[in-house]
2 protein chains.
Amino acid sequence: MKPKDIENAKARTLELLRKARILLTPLEKDNIEVTDLGLGDLRHVGLQVVVYENNDRYCAKEMVLLPRQICPEHKHPRINHRNIGKQETFRCRWGKVYLYVAGDRTPRPQARVPKTHKRYLNVWHEIILHPGDQYTIPPSGLHWFQAGDKGAVVSEFSSTSTDERDVFTDPRIRRVK
Amino acid sequence: MKPKDIENAKARTLELLRKARILLTPLEKDNIEVTDLGLGDLRHVGLQVVVYENNDRYCAKEMVLLPRQICPEHKHPRINHRNIGKQETFRCRWGKVYLYVAGDRTPRPQARVPKTHKRYLNVWHEIILHPGDQYTIPPSGLHWFQAGDKGAVVSEFSSTSTDERDVFTDPRIRRVK
């Protein structure tokens, strides 16, 4: 990503966090992670993240999605005999989130996905999260999500985050900054 | 506690959550836990809690303290060979929190503690949390905290909560609703 694009995404992230009335320290603001997951199409696919805490037991972060931005389909597989894979709870704080998980395909889903990305989406059971709504994704469960027209701020509570172990459906994806 | 006192604490809790711009579902509002920890002095000692998620891996909740309310000194001891005790991260969202942990005694601490409670406080190393500040308490670490003059809203991210295993310094305390 170009530095200009990263700075622009950070500024829009701060504006959404301001709307959600979520306060960050100056250091946290500097450390906002912007990722396009290696696809070079941040407008459609990507994520902005503020990690509050990630230790060997639990993790908490804020995820910010720009309007209609997609976090593409992935799962958190078993790591070893003691860790069956990351489990995570999404709690919408601001905006709207269209979340897709395994289950009956929802007729007329609300997500709007560019054709180039649609081929890498398998699960279409829709969960709509408004502010105050939450949903827990089981370990190894495929999921993806898209923000509504105004973007979204989502708190994630989870077991330890090991992003590098995530398995994305789209083979082009690399979980890099 | 009298039902009237519980309802009053719930109403004040909702008002503080409103100020912090934290949205709850109607069910979550109904389920707000008000505890005086069995001491019968909610004005000085107690806690209001909204549990978002508590599973066998992680826990997330909002804690609300009324003005100058104290969560008394306690620790989260080792549970078994696989669980070394609850670890928790406090993140202040609104108001001010005076948090006390093991370490050098802070001269002129900001907490105001009634005499009847002071005898059960051993740790006096002060951490002041303003909105956006956070602090992680290690397993088995003694700690207690008091809200500032306007109350406080604190997000807690942690390993699994097992309140009934908490060890309070004050032997009169029972962790009951």
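The values are calculated or read from the model by the stated rules, or taken from the named source; none is laboratory data. Please read these numbers as outputs of a predicted model, since none were measured by experiment. So basically every Cβ, Gly included, is an ideal-geometry build from the backbone, and we count neighbours across all protein chains shown. Surface areas here come from the heavy atoms of the whole protein model, side chains and all, with no ligands, DNA or RNA. Shrake-Rupley method; radii C 1.70, N 1.55, O 1.52, S 1.80 Å.
Kirkwood hydrodynamic radius of the range A:94-177, from the reciprocal of the average inverse Cα-Cα distance over all distinct pairs: 14.2 Å. Taking a straight line from the alpha carbon of residue B:2, these aspartates and glutamates sit under 19 Å away, with near neighbours fewer than eight places off in the same chain left out: B:30, B:33, B:36, B:41.
Label-to-label distance for residue A:105 and residue A:56 is 4.5 nm, based on points extended 7 Å past Cα in the beta-carbon direction.
Amide H contacts for residue A:151 (H built 1.01 Å from N in the peptide plane; partners 5 or more residues away or on another chain; cut-off under 5 Å): A:68, A:96.
Out of A:96, A:150, A:86, any idea which swings most in a Gaussian network model of chain A, alpha carbons joined below 10 Å? Comparing A:96, A:150, A:86 in a Gaussian network model of chain A, the most mobile one is A:150.
Among the listed pairs B:19/B:115; B:96/B:118; B:4/B:75; A:19/B:75, those whose Cα-Cα separation exceeds 29 Å are B:19/B:115; B:4/B:75; A:19/B:75. For the chain pair B and A, the buried solvent-accessible surface (1.4 Å probe, both sides summed) amounts to about 2400 Å². Using the Cβ-Cβ distance between residue B:166 and residue A:160 with R0 = 30 Å, the FRET efficiency computed as 1/(1 + (r/R0)^6) comes to roughly 0.80. Per-residue Karplus couplings for the range B:115-120, computed as 6.51 cos²θ - 1.76 cosθ + 1.60 with θ equal to phi - 60°, are listed in order as 3, 5, 9, 4, 5, 9 Hz, Gly and Pro entered as x. For the range B:97-111, backbone phi angles converted through the Karplus equation (6.51, -1.76, 1.60; θ = phi - 60°) give residue-by-residue couplings of 10, 9, 10, 10, 9, 5, x, 4, 5, 7, x, 6, x, 7, 5 Hz, Gly and Pro being listed as x. Per-residue ellipticity at 222 nm from helix content only, as computed over chain B with -39500 (n - 2.57) for each DSSP H run of at least four residues, stands at -4000 deg cm²/dmol. Using the Karplus relation 6.51 cos²θ - 1.76 cosθ + 1.60 with θ = phi - 60°, the per-residue 3J(HN,Hα) values for the range A:20-30 come to 7, 6, 9, 9, 10, 6, x, 5, 5, 4, 5 Hz, with x marking Gly and Pro.
Of B:24, A:14, the residue with the largest accessible area leads and the full order is A:14, B:24 (1.4 Å probe). When nucleic acids and ligands are ignored and a 1.4 Å probe is applied, residue B:94 ends up with an accessible area of around 60 Å².
Provide a list, ordered by number, of residues in the range A:101-141 showing at least 20 Å² less accessible area with every protein chain present than when their chain is taken on its own, using a 1.4 Å probe. Residues meeting the cut-off: A:131, A:132, A:134.
When A:10, A:2, B:29 are compared by accessible surface with a 1.4 Å probe, the order from highest to lowest is A:2, B:29, A:10.
Computed across chain A, the Kirkwood hydrodynamic radius from all distinct Cα-Cα pairs reaches 16.3 Å.
Set the Förster radius R0 to 30 Å, insert the Cβ-Cβ distance between residue A:150 and residue A:25 as r into 1/(1 + (r/R0)^6), and round the FRET efficiency to 0.05. According to the calculation, E is roughly 0.75.
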